[in-house]
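A short write-up of the structure that comes next.
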Amino acid sequence: MKGLVDERVLERHGEMFAARLRKRFRHLAPRFKRRGIDAFRVYDWDIPEVRATLDWYAGHLVIAEYVREQTADVPWLEHMADAAASALLPDVQDAERGARLHLKRRTTGKRGHRYGRLSRRGCELEVREGDHRFWVDLESFVDTGLFLDHRETRALVGQQVLELAERLGRPPRFLNLYAYTGSFSVYAARAGAETTTVDLSKGYLAWARRNFELNQLDTSKHRFLEEDTARFLSGVREQRQRWDYVVVDPPSFSSVGNLSAAALDIQRDHPRLLEAALGVLAPGGRIVFSTNHQRFEPDLRALSRCAEVREITTQVQAEDFSRRAAHRCFVLSI
Ligand SMILES: C[S@@+](CC[C@H](N)C(=O)[O-])C[C@H]1O[C@@H](n2cnc3c(N)ncnc32)[C@H](O)[C@@H]1O
């Protein structure tokens, strides 16, 4: 199937892409500006032939191609990037444009290496989400440090932690598993929680601390633990430590280069993982569980101590990810 994309096709894709970007940006930018949000998705593979996503990060464009054979021999992504720059950065000089464009290629392996380092260049900047601020790095990895599709989940968690703090009359104990750069923890801490942030990666935990500092949160009052989730849960359960609110947002698959951590397959392992998380939940507590596994089939019936399981996928669906639900999300409460 190689060679189907020639100059003429490139031109046509570029024009369609640019037209769509202008239209979407005109619609979305004012809406997000009103909410103080300067990082959002402008294009989510809306046109079947233009297999890409484009995210706006405070005037920078992150363009990711879903790589396919037909474009292997042509500079398809570079051409789309030029089209995007003329549509969304019309006033930015050519010399400056290069620094504002960040190109990524996603290969669709079943267990694709989404977390590999891409470039040594690095491009760090601060983005806003209402009253919250986050560091993103648009160059070093496939992911930027902030999952935009979780924006409404973060808002919901922040709101619920705030309500919980009022109801309990003390700081809620908040646990963030597979925490990555700690964005859920930032929302919870800003809402008054004492947070515990757990991730296998030292680098991401350091990033989480910097996100706390950026939000004027005192890191000495919060815990950041470099641990495998399963090990952590069994340890704290024995010590009878409990939390009022737990976020579980694991990768679909994980065989992170740490021999102490067993490989994770979320479809297979989610009942056991959630059972373990329920084991550290305080009475009246709540778990928010999310997965971006594309064909996830929940099997939550067997969760013995669970009083209520509710799917909230549509409630936390971000409007800029309207093409399809980016993840499925559930609340479990006891
Ligand atoms: C999908 S990201 C989580 C996204 C995060 N909840 C957010 O919204 O920003 C997956 C994270 O899980 C971590 N991770 C993978 N396997 C792990 C394990 N066995 N124990 C703890 N963390 C793990 C990775 O280091 C990565 O930071």
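The values are calculated or read from the model by the stated rules, or taken from the named source; none is laboratory data. Keep in mind the model is a prediction, meaning the values are calculated, not measured. Virtual Cβ from ideal backbone geometry, glycine too; neighbours counted across all protein chains shown.
See the values below:
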| item | result |
| --- | --- |
| Check on Thr181, more than 12 Å from the ligand (Cβ to nearest atom), among the polar types (S, T, N, Q), buried (at least 23 other Cβ atoms within 10 Å of the Cβ) and closer than 18 Å to Phe289 by Cα | no |
| The lone exception for Glu166 - which of (1) more than 22 Å from Val42 (Cα to Cα); (2) buried (at least 18 other Cβ atoms within 10 Å of the Cβ); (3) acidic (Asp, Glu) it fails | (2) |
| Residue check, Ala85 within 22 Å of Leu125 (Cα to Cα) and small (Gly, Ala, Ser) | yes |
| Failed criterion for Leu332 (all others in (1) surrounded by fewer than 18 Cβ atoms within 10 Å (Cβ to Cβ); (2) more than 30 Å from Trp45 (Cβ to Cβ); (3) modelled with pLDDT under 95 hold) | (1) |
| Restricting the range 189-214 to residues that are within 12 Å of the ligand (Cβ to nearest atom) and touching a Lys or Arg at 6+ places or on another chain (Cβ under 9 Å), the residue that is farthest from Glu226 (Cα to Cα) | Asn211 |
| Residue selected from the range 5-37 under the condition surrounded by fewer than 18 Cβ atoms within 10 Å (Cβ to Cβ) and assigned to a loop (DSSP other than H, G, I, E, B), by the criterion farthest from the chain's Cα centre (by Cα) | Asp6 |
| Residue satisfying condition, being within 17 Å of the chain's Cα centre (by Cα), charged (D, E, K, R) and modelled with pLDDT of 95 or more, within set Asp218, Asp244, Asp249 | Asp249 |
